[in-house]
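Take a look at the structure set out below.
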Amino acid sequence: MATGSDSIRRARPLLGTFVEIGVTGEAAFAMEAAVDAAFEAVANVHRLMSFHAADSDVSRLNRQAGLRPTRVHAWTFEVLEAAVEMHRRSNGIFDIAVAPTLQTMGLLPRSAGDPPIPSGPQLPDAIELFPGETVRFRSPDVRIDLGGIAKGFAVDRAVEALRRFDVQSGIVNAGGDLAVFGRDPQMIHIRDPRDPGRPICRVEITDGAIASTARRFDPFRSSETTASAVVDPGTRKPTDTIDAATVRAPTCMVADALTKIVMISGTDATEVLEHYNASALLISTDGDVHITLDWHHAVHLAA
Amino acid sequence: MTKWVRYAAPAVAVASIASPAYAIQYLSIGEAQKQAFPSATQFTEVQAGRVWKAEAGGRGIGFFVFDRVVGKHLFIDYAVALSTSGVVQKVEILQYRESYGGEVNSPSWLSQFVGKASGSALRINSDIRNIAGATLSSTHLTEGVKRILAVYGNRLR
């Protein structure tokens, strides 16, 4: 077993990234069971909300919801409710219906029967939600992708699973979208978007969630960073307002979604951040670090 | 109204003493085998250092395949547990290493990990346990799992 028998750490490939779960303070067998249950929760979110899997709720919605009301799992519905609310609060900046643009950029696959890529303005209120976890799209051309919010939701469900096992403290990190719980603070290092091998700062988190977004990089092929995967629904192009964003929020789902708004709106995102009781750190294109006043004490810049 | 505090850009380091690295050992092969097949009483090597047959009371209950994906700055050891009918039961990461000072698979860089206990962050340069930023894609590992299934999925039954 692991050397520190009072803590374990595991990692599995899920949600298109590496999900790491660490827990402390229980007997080894109890921690293993808790971690297994937490990974199972993440795997369930993956199965329900993957754009790539043909039998996911998201794929079913993309095929059918423009034609007839479609019922989804309670978890999928919860994420859709949050996404629609976030869309409204951000005046359309957070938009799960940008999937067709992500397809043209090659970030999402296209499948047979997909409509031509739209060029006009985004359809307002494209997603309609009804009682009984039922969803309808306003047009058969609407395609959604939950890639900007589901990872955070998965982290929240994993934490919930760990807590059900009475785990005292832990961390769930889904490729940078992470939540920490328990008495002790955890130190999180944030990568420098210009030089991803190095941290630009570290942030202390106790009982909370943070999520980060930056320009993409691939340590498998090179250390060069490339364009952001966040698309501005206004221009249908990758956003270039800022280089990177990290958001702290009460839940990881909210933190995850808010990073997209901060990537697009930059320091103009304050109203939405305040509404969700969130703080943010962003790295502007000149490399300067901007931190909301309520959070700057917790952030330590790298020397 | 929330205000923002602005800090001048920290200089991008030109050179440093040690290469920046982030690495962690999650499980040894032996630990991962027991995790994948808790009821197994024996693991018989089918292919040296790579494939093991898990047995319980003399009866085969599955296969354990060890593999590694290596990129320019990334090196991941992982294991796939297959059922006797060749279905993936579990994919577990054993060791994760990221380095930007040079090629990750150079022997001198790798030697610093020899003999490290599992469950511990390998403390190099600093003591980074949790890292966030741009999301890393796990595509290469997913392709590795597909390759394992293509090679062993039918053959091991």
Q: Out of A:I117, A:I144, A:I210, A:I205, report the one residue that is among the aliphatic types (A, V, I, L, M), touching a helix residue (DSSP H, G or I) at 6+ places or on another chain (Cβ under 9 Å) and assigned by TED's automatic domain parsing to the domain that holds A:A82.
A: A:I117
Q.
Condition check: β-branched (V, I, T), within 13 Å of another protein chain (Cβ to nearest Cβ) and either in contact (Cβ under 8 Å) with a residue 12 or more places away in the chain or not in a strand (DSSP E or B) (or both). Does A:V172 satisfy that?
A. yes
Q. For region A:196-303, which strands (runs of 3 or more DSSP E) that fit wholly inside it have 2 or more residues that are without any contact (Cβ under 8 Å) to a residue 24 or more places away in the chain and touching a Lys or Arg at 6+ places or on another chain (Cβ under 7 Å)?
A. A:225-228
Q | A:P199 being within 21 Å of A:T285 (Cβ to Cβ) and in contact with a His (Cβ under 6 Å, 6 or more places away or on another chain) | A | yes
Q) Among the residues of region A:53-70, which ones are in a loop (DSSP other than H, G, I, E, B) and in contact with a Leu (Cβ under 8 Å, 6 or more places away or on another chain)? A) A:S56
Q) Hey, does region A:162-169 have a residue that's buried (at least 17 other Cβ atoms within 10 Å of the Cβ), of a type outside the set (F, W, Y), free of Cβ contacts under 8 Å to residues at least 60 places away in the same chain and part of a helix (DSSP H, G or I)? A) no
Q) Can you name the number of the only condition in (1) at the interface with chain B (Cβ under 7 Å from one of its Cβ atoms); (2) touching a Ser or Thr at 6+ places or on another chain (Cβ under 6 Å) that A:A211 fails? A) (1)
Q: Could you tell me whether A:V58 is of a type in the set (V, I, T) and closer than 28 Å to A:M263 by Cβ?
A: yes
Q) Out of all the residues in region B:48-69, which are under 10 Å from the mean Cα position of the chain (by Cα) and not charged (D, E, K, R)? A) B:F66, B:V69
Q: Keeping to region A:81-97, report how many residues are part of a loop (DSSP other than H, G, I, E, B) and surrounded by fewer than 24 Cβ atoms within 10 Å (Cβ to Cβ).
A: 4
Q.
Of everything in region B:71-87, what is crowded, with 18+ Cβ neighbours inside 10 Å and modelled with pLDDT of 85 or more? Give them in sequence order.
A. B:L74, B:F75, B:I76, B:D77, B:Y78, B:A79, B:V80, B:A81, B:L82
(Q) Going by what's in this entry, would B:K90 be described as at pLDDT 75 or above, more than 14 Å from the chain's Cα centre (by Cα) and either within 14 Å of chain A (Cβ to nearest Cβ) or at positive phi (or both)? (A) no
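The values are calculated or read from the model by the stated rules, or taken from the named source; none is laboratory data. Computed from a prediction, not measured in an experiment: that's the story for all the values here. No Cβ is skipped: glycine too gets one built from the backbone with ideal geometry, and neighbour counts run over all protein chains shown.
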